[in-house]
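The values are calculated or read from the model by the stated rules, or taken from the named source; none is laboratory data. On a predicted model such as this, the values are computed, not experimentally measured, just so you know. All Cβ positions, glycine included, derive from the backbone under ideal geometry; neighbour counts span all protein chains shown. The accessibility values were calculated without ligands, DNA or RNA, using every heavy atom of the protein model including side chains. Shrake-Rupley method; radii C 1.70, N 1.55, O 1.52, S 1.80 Å.
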Amino acid sequence: MTALDTEPRNATSVPLAPLLAERWSPRGFATGHELSDEELTSLVEAARWTPSYFNQQPWRLAAARRGTALFDGIVGTLAEFNQLWMRRVSALVVLVTETERDGETVPYALYDAGQAAAHLSVQAAHLGLWAHQAAGFDKDAIATLLDLDPAQLPLTVIAIGEHTTAEDVPEKIRERDAAPRARRTLDEVLLAPLA
């Protein structure tokens, strides 16, 4: 473990739950780390128990560990920069949302799927792992790979693993991971003052 793995990275304006205060999305992952069956199942289970509009649960997941054909297939759909660092991770999870069911639009499908990704990310933090969500992938290629129907929309590929600053991580990735983080101020985020 490095200092980046143990020290909070987020300068919050008030104390937050440690899993939230320490969460971030690194790109430097340890190629020697492997997820157990229980860890991978717990990530999917966390997403499964996400709340959703009328309990419609419109998200679907494809989870693959490094070294499997599905993992390699997912890596092949990624943008070039994402391939550079995501091929090193322990597992990749593709998050898909169901935009239509039985000919009817699924309201809040995007919102609900986003919550599923957040729950999975918090579970990863609970396990001492890091999750990085990425949108740089070919949606059509993912749809073909996973045999999705037209109502199933791929939203993100989530990288899961153990962070490292080891020398085998490309320097530009280590530099990005070490860069200071920034967020809008509370005043910029709020539509109206706290009342």
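Observations on the structure shown:
- Mean projection of the Cα convex hull over all viewing directions, computed for the chain: 12.8 nm².
- Theoretical gain in end-to-end length, Leu19 to Glu175 [0.36 nm per residue, Cα-Cα removed]: 53.8 nm
- Stretching the chain fully between Ala141 and Leu110 yields a gain of 9.1 nm (0.36 nm per residue, less the alpha carbon separation).
- For the range 126-194: rounded, prolate or oblate by the Cα gyration tensor [a/c cutoff 1.5]: oblate
- Segments 104-110, 59-65 sorted - mean Cβ within 10 Å per residue, highest first: 59-65, 104-110
- Sparse-neighbour loop sites [GluC sites (Glu not before Pro); the range 148-188; at most 15 other C-beta within 10 Å; DSSP]: Glu167
- Fraction of accessible area attributable to carbon and sulfur, the chain (%, probe 1.4 Å): 54 percent
- Protein heavy-atom accessible surface, 1.4 Å probe, per residue over the chain: 57 Å².
- Relative contact order computed over the range 1-129 (Cα-Cα under 8 Å; 6+ residues apart), in percent: 31 percent
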